[in-house]
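Below is one structure, written out as structure tokens; comments come after it.
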Amino acid sequence: MSELAAAAPVAAPAEPRRLTAAQRWRRRYGLATLGGAIIVLWIIVAIAAPLLAPYPPDLVDVTRRLKPPSSEYWFGTDMLGRDVFSRLLFGARVSLFAGIVVVILGAAFGTLLGGIAAYAGHRAEEALMRFTDLMLCFPPIILAMAIAAAMGIGTLNTMAAMLVVWWPKFARLARSLVLVQRGQEYVEAAHVIGYGPGRVLLKHILPNSIGPLIVLVTLDVGHAIIVFAGLSFLGLGVVPPTPEWGAMVSENRQLVEQWWGATFPGLAILSVVMGFNFLGDGIRDWLDPRARRR
Amino acid sequence: MRDVADGAGAPPKPDRDAPILEVRDLRTYIDTDAGVVRAVDGVSFSVMPGETLGIVGESGSGKSVTALSIMKLLPEQGRIAGGEIVFRGRDILGMTGDEVRSLRGSRIAMVFQDPMTSLNPVRRVSDQLVEAAIVHGRHDKASALRRAIALLGRMGISSPERQINSYPHQFSGGMRQRVMLAMGFSNDPLLLLADEPTTALDVTIQAQILDLLRELNSDFGAAIILISHDLGVIANVCRRVVVMYAGEEVEEGTTEALLASPRHPYTWALLNAAPRLDRYTPGQRRLTTIEGTPPDPLNWPKGCRFAPRCPFKIEKCAEHPPLLPSGDGRSSRCWVTQGGRSLPPAAAQVAATSGLVWSRPAATGETILELEGLVKHFSVPKPSLFAPRQAVHAVDGVDLTVRKGETVGLVGESGSGKSTLARLIVRIHEPDAGTIRFAGQDITHASGAAIRPLRRRMQMIFQDPYASLNPRMTAGDIVAEPLRFHGITADEAATSARVGELLGLVGLSPSAAAKYPHEFSGGQRQRISIARALAVSPDLIVADEPISSLDVNIQAQIINLLIDLQERLSLTYLFIAHDLAVVRHVSDRIVVLYLGKVMEIASSGNLFDQPLHPYTRSLISAVPIPDAAVERQRQRMHLQGEPPSALAPPSGCRFRTRCPIAAPRCASEMPPLVEHRPGQWAACHFPGQV
């Protein structure tokens, strides 16, 4: 190896470029592992919030309002004297729950609809995809406002509003993925064996289309959390005094001097979204053999 | 056309006696996760000005990497680890990026295998051709456009002034390859590197492109390096051949001498594995194959790299042989022939290795499949709202009877409807008109449930071994799927026993059941596909180009397997292929399709010895034969142009637009399929007149 490299002046550095397996793995999946760790940490926090929180999240104590971070109140207190740290931990429950549930339900519905549309073809495809486009047209915030106006403000109502606009992108992606697989010869082979369309779709086509969908799901949870926080920020999400990150930022946003009230929930949102993005990128690299080569 | 060749800015004539390109001991390595692949591992050759050199070898032998190394277009992971590439006295490897770029596309041109992806789909052909001409600063825009039009015309594109404004998708594969050639010649290259330029094309178009390459060589004086896996293609164009195996050059010599008496067993195997149109022994259905697969490129064998598969190996082969010249302008990397031994003719070898006697039961005469007036049109989107509805006439009235135990070959260019016909028969598609009777039952419009019991009697083998197996299922599950679905085996134990049996039947070990498709080679995957088809113990197997994406030697192995299986299980085959030599080899009867219609049906012997239809004639004459002497003497009847669009097929006889003997009658009257000789049917007004 080294003697060959020495014989060739044009060859790349005599040092072999090859990395050890561990180095390669770290270079490729290091960020993804970090992202996964952040998400696991937040999930543990959400589950164990009652055990970890030093105060009840709704405990109002006006005498202790707007205290800066201290050993007593790690992240300070808000206008009503509630402990920001405790509210942050409980807020993880609402934010993560809303983000994950919206994306998973939206992905399941969208995938099924897009898959059926692509597989059925002809008129059914046309009808289903035009319906999808129609849904894609709704601006989510306006729709959420309309639903909130009609059904009242609440976590579930907001999630329902998000779901209405959330599934179409999954339908679009699933349709294109199924269209690619549908033309493959192994699908024809399944037909020749005698399989009916439903079985071919579930057993052969969907398992081979699922990769990019998983990537989109992972990347999308962060997005859903931001949108939900945004809706809460606008006063459309949770009902006060439920702790929620977006709502917390909103409640404390006028307080410039008391920066802690809005900053810490904002950092929490940032960390979760980044965690999901890192994880999603890692999964995409792992599923894409071309990206794996490097 | 001379004005194109000698136009302004023609290069200074190089020294006629010095080689234009010299590759010395080239080593190109590719870094992968699994280790260093020594893709090219010591290759040396030289090309004289105006010479034609062929590089032949199977996939993975390093031919394409050699070409990419010459152009310095290696992928990111590739690096040239040693050797020299001297172009007109200068080492390309020592040049800067700018210097190499000024060579590419001006002094050295390259044409790639896949004409579908080598042109930019969103830019007009004219823009791409003009850009290629002006990028090296030897033309301005106006002269570049004039030259581009002249070159397109030279490359055989009719009305180039109009066609040059088309987008690539408006051109067929053959025409795109002509555009690529025009682009390559826009700066008067001294060397053309053509990497499998005809592999993706039909035989008739291949013959046109090969003719064009030869003309370009003689008219423009450009040297050509032609890379191919097909010795016939090489023999057609090249005067000298380099044979590559496992990253090494194993033999070099003039085409004639090398094909007449190969001095390396690999060349010998390559030459004998492919059936030849001009050498056909009736009854001799098995092909000569060499055992095994090419060695692992991460870990080439220590001694002779071919020794593990070599039928002639001797003790000395444990030592790595050097490439030794043998005086007469030839050289080979083999200890066996170094001692003066010559390699035996193929036939003797077959008899010795196969040991199987011709024991095929004759076709019983009982009809298993009957097609009558079968029609399938695919509607395409209307170009505008008020345009008339359009349809691709994929299959347009096909009658065919297949008897039990026979092999019927189906040939034709792409777009002739072969694959659609296969999919109609196994009812992946539903016919628009006509009837299909299988085993006495009308299945033309049978529902999925009604046809399910018959699925056990007819199966299909697909073309692409990479796409025909579900990548997420193990080989065992793939083969077990039909067993479970049809409840053929009673329980899981019986299923896995049967899977092992089936894998054994196709020459795989039972341990293969636990592996996933990507762990197998192309040939092995095709075996899994065959095992899946055999799982239901079918009577009829429709094989849609089952070997066309495999290397020559693997092709021969699969053909032999199919023949073995037919004899042991008395199968009936409908065998679709575009390789006429292969079809002749395996088929009892052959059906020639053109634009959805049957042109001729005849026994395999009659069809090739005395074809009646002019289309059959031209198809046969387009097949290159790996024998330079035979190639020179052959009478050619090359088809001109491309097949017409199946959206609006010609009136009367479909073939008349390309037929050399078309008469006015052919345009008005559709010739019926008539039996002109016993068992030989042709749809032509003037059968046998060419």
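If I filter the range B:349-365 for residues that are touching a strand residue (DSSP E or B) at 6+ places or on another chain (Cβ under 8 Å) and modelled with pLDDT of 85 or more, do I get at least one hit? Among the residues of the range B:349-365, not one is touching a strand residue (DSSP E or B) at 6+ places or on another chain (Cβ under 8 Å) and modelled with pLDDT of 85 or more, which makes the answer no.
Does at least one position in the range B:477-489 carry a residue that is at pLDDT below 90, among the charged types (D, E, K, R) and surrounded by fewer than 16 Cβ atoms within 10 Å (Cβ to Cβ)? No, because not a single residue in the range B:477-489 is at pLDDT below 90, among the charged types (D, E, K, R) and surrounded by fewer than 16 Cβ atoms within 10 Å (Cβ to Cβ). Across the range B:475-514, the number of residues qualifying as within 12 Å of residue B:532 (Cα to Cα) and assigned to a loop (DSSP other than H, G, I, E, B) comes to 1. For the range B:99-122, the condition of being within 14 Å of chain A (Cβ to nearest Cβ) and not basic (Lys, Arg) holds for at least one residue. Among residues that are of a type in the set (A, V, I, L, M), at pLDDT 90 or above and in the same structural domain as residue B:54 (by TED's automatic domain parsing), residue B:192 is included.
For the range B:596-606, check the following and say yes or no: at least one residue is touching a Lys or Arg at 6+ places or on another chain (Cβ under 6 Å) and over 30 Å from residue B:391 (Cα atoms). Yes - at least one qualifying residue is present in the range B:596-606. Which one of these does residue B:459 not meet: (1) part of a loop (DSSP other than H, G, I, E, B); (2) in contact (Cβ under 8 Å) with a residue 12 or more places away in the chain? Unmet for residue B:459, out of (1) part of a loop (DSSP other than H, G, I, E, B); (2) in contact (Cβ under 8 Å) with a residue 12 or more places away in the chain: (1). Close contacts from the range B:312-325, counting a first residue that is over 25 Å from residue B:288 (Cβ atoms) and a second that is among the polar types (S, T, N, Q) and modelled with pLDDT under 85, with Cβ to Cβ under 9 Å and a gap of 6+ residues or different chains, come to B:324/B:338. Applying the condition of being crowded, with 17+ Cβ neighbours inside 10 Å and closer than 14 Å to residue B:76 by Cα to the range B:26-38 and asking which residue is nearest to the other protein chains (Cβ to nearest Cβ) yields B:31. Among helices (runs of 4 or more DSSP H) entirely within the range A:78-167, having at least 3 residues that are touching a residue at least 60 places away in the same chain (Cβ under 8 Å), within 17 Å of the chain's Cα centre (by Cα) and under 24 Å from residue A:225 (Cβ atoms) singles out A:84-120. The lone criterion from (1) touching a His at 6+ places or on another chain (Cβ under 6 Å); (2) part of a strand (DSSP E or B) left unmet by residue B:207 is number (2). Can you name every residue in the range B:51-76 that is touching a strand residue (DSSP E or B) at 6+ places or on another chain (Cβ under 6 Å), among the polar types (S, T, N, Q) and either farther than 13 Å from residue B:248 by Cα or surrounded by fewer than 19 Cβ atoms within 10 Å (Cβ to Cβ) (or both)? Listed by number, the residues that qualify are B:52, B:69. Within the range B:246-259, at least one residue is among the aliphatic types (A, V, I, L, M), over 23 Å from the mean Cα position of the chain (by Cα) and either surrounded by fewer than 23 Cβ atoms within 10 Å (Cβ to Cβ) or not in a strand (DSSP E or B) (or both).
Per-residue answers, yes or no, for (1) at pLDDT below 85; (2) farther than 24 Å from residue B:137 by Cα; (3) more than 29 Å from the chain's Cα centre (by Cα); (4) of a type in the set (Ser, Thr, Tyr):
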position: B:7; (1), (2), (3), (4): yes, no, yes, no
position: B:13; (1), (2), (3), (4): yes, no, yes, no
position: B:24; (1), (2), (3), (4): no, yes, yes, no
position: B:35; (1), (2), (3), (4): yes, yes, yes, no
position: B:40; (1), (2), (3), (4): no, yes, no, no
position: B:50; (1), (2), (3), (4): no, yes, no, no
position: B:55; (1), (2), (3), (4): no, yes, no, no
position: B:72; (1), (2), (3), (4): no, no, no, no
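Every condition in (1) in contact with a Gly (Cβ under 6 Å, 6 or more places away or on another chain); (2) within 29 Å of residue B:277 (Cβ to Cβ); (3) of a type outside the set (A, V, I, L, M) is met by residue B:156 except one, and the failing one is (1). From the residues in the range B:431-472 that are buried (at least 16 other Cβ atoms within 10 Å of the Cβ), in contact with a strand residue (DSSP E or B) (Cβ under 7 Å, 6 or more places away or on another chain) and among the small types (Gly, Ala, Ser), which one is farthest from the other protein chains (Cβ to nearest Cβ)? Taking the candidates together, the pick is B:434. Do the conditions hold for residue B:182, that is, is it assigned by TED's automatic domain parsing to the domain that holds residue B:210, surrounded by 19 or more Cβ atoms within 10 Å (Cβ to Cβ) and under 31 Å from the mean Cα position of the chain (by Cα)? So residue B:182 fits the description; yes. Residue B:415 satisfies every condition listed in (1) at pLDDT below 90; (2) within 14 Å of chain A (Cβ to nearest Cβ); (3) closer than 16 Å to residue B:597 by Cα except (2).
The values are calculated or read from the model by the stated rules, or taken from the named source; none is laboratory data. Small disclaimer: the values here were computed from a predicted structure and weren't measured. Neighbour counts run over all protein chains shown; Cβ positions are idealised from the backbone, glycine included.
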